[in-house]
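Just below is one structure, and these are the notes that go with it.
The values are calculated or read from the model by the stated rules, or taken from the named source; none is laboratory data. Remember, predicted model here, so these are calculated numbers, not experimental data. Methodologically, a virtual Cβ is constructed for each residue, glycine included, from the backbone with ideal geometry; neighbour enumeration extends over all protein chains shown.
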Amino acid sequence: MNTPIVLGFDGTECAMSALDEAVELAKMSDEPRVVVVYGDRLPPGYRSHESAEDDSALTSYKGRVTAAVQPMLQAAADRIACAGASAETHIVWQDPARALLDAATENQARLIVIGTHGEGAVSGLLHGSLAYRLIHQSSVPVVVVPHRGH
């Protein structure tokens, strides 16, 4: 069974450290596969649409974000492919934690890998740390990779 690693990726230095770790972990698999996920919460004004004007604003917003994010995701996929693993990328229009949890469930992932800035537990709890949320909500193991400085 080809159970992938789900990688939360936003292009930051912390995410680059997580990418490195995901690649190393994938190499240990018989069928290495990494699902790279970028989750984007829509700004509050885009949550409910009543008019065609709102739809065009939402489409424009998504187009701008996709244009900015897609090259970064492609570079991550290329790095994964160079290491001998298959990669797929997804831009998901929801909270990043929910996007990763859903991707793990949909793909029957063996684990989720994310990077962290290394904030403390209290700060993470108060500010909504992605790592904190995943560790407490995930049904699969979560690997939290500290920033290693590239």
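Out of region 27-36, which residues are modelled with pLDDT of 95 or more and either closer than 16 Å to Pro71 by Cβ or in a helix (DSSP H, G or I) (or both)?
Matches in region 27-36: Val36 only.
Inspect all residues belonging to region 5-26 and state whether any of them is buried (at least 17 other Cβ atoms within 10 Å of the Cβ), assigned to a loop (DSSP other than H, G, I, E, B) and out of contact with any helix residue (DSSP H, G or I) (no Cβ under 6 Å at 6 or more places or on another chain).
Checked against the condition, which is being buried (at least 17 other Cβ atoms within 10 Å of the Cβ), assigned to a loop (DSSP other than H, G, I, E, B) and out of contact with any helix residue (DSSP H, G or I) (no Cβ under 6 Å at 6 or more places or on another chain), region 5-26 yields at least one hit.
Just to be sure before I move on: is Ala104 surrounded by 15 or more Cβ atoms within 10 Å (Cβ to Cβ), in contact with a helix residue (DSSP H, G or I) (Cβ under 6 Å, 6 or more places away or on another chain) and part of a helix (DSSP H, G or I) in the structure I sent?
no
Given the structure, is Thr66 modelled with pLDDT of 95 or more and β-branched (Val, Ile, Thr)?
Numbers: modelled with pLDDT of 95 or more: yes; β-branched (Val, Ile, Thr): yes.
Here the answer is yes, as Thr66 does meet what is asked.
Of everything in region 107-135, what is in a helix (DSSP H, G or I) and either at pLDDT 95 or above or crowded, with 18+ Cβ neighbours inside 10 Å (or both)? Give them in sequence order.
Start the filter on region 107-135 by keeping residues that are in a helix (DSSP H, G or I), which leaves 121-127, 130-135.
Those that are in a helix (DSSP H, G or I) and either at pLDDT 95 or above or crowded, with 18+ Cβ neighbours inside 10 Å (or both): Gly124, Leu130, Ala131, Tyr132, Arg133, Leu134.
As an exercise: evaluate Val145 against (1) modelled with pLDDT of 70 or more; (2) under 20 Å from Val92 (Cα atoms) and give the number of the one condition it does not meet.
Against the list (1) modelled with pLDDT of 70 or more; (2) under 20 Å from Val92 (Cα atoms), Val145 comes up short only on (2).
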